[in-house]
Ligand code: FES
């Protein structure tokens, strides 16, 4: 029973509502790009930097501030993988599962992450430490298998080192 209540509580907490005082910070970005709807992508990037993600309230306010239909803003946010509508973990793991990396063991790295961090691709750990993404090629096949953690590149990875590398990111 307690376990079920905890799960429900976590689910309820995931329904993010951005407080009005936080949302007001968007005015600065809207002022910067006002009257320039073609600057939607930079505006969204700035907003994501500010909030960490792009919840619906943020998208709607930007849409109305820049005089762009909300549906268009949503379409752009969901088209580009570097935008997210869900809160992300403190560290984003981008594991390459492209051919060069796959044959050199990135699937083993993925299995270790799934087991040790407890998340699958597209998920964020409950403690907010990691989000996991799979990519097709990072353009660094000579370093296969490759994983990015935030801005750091981990190349020529031995799957056995995965745990130790993750420990460096708290
Ligand atoms: S396939 Fe992994 S970097 Fe190209």
Completion exercise
Percent of all alpha-carbon pairs of the stretch 34-170 at distances over 19 Å, whole number, is 54 percent
Problem - Convex hull of the stretch 91-167 built on C-alpha atoms - directionally averaged projected area, nm² - result: 4.3 nm²
Exercise for the section: Choose one answer from 55, 19, 37: the residue with the largest mean-square fluctuation in a GNM of the chain with alpha-carbon springs under 10 Å. Expected result: 19
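Laboratory data are not the source of any read-out in this text; all were calculated from the coordinates shown. Please read all numbers here as calculations on a predicted model, not as lab measurements.
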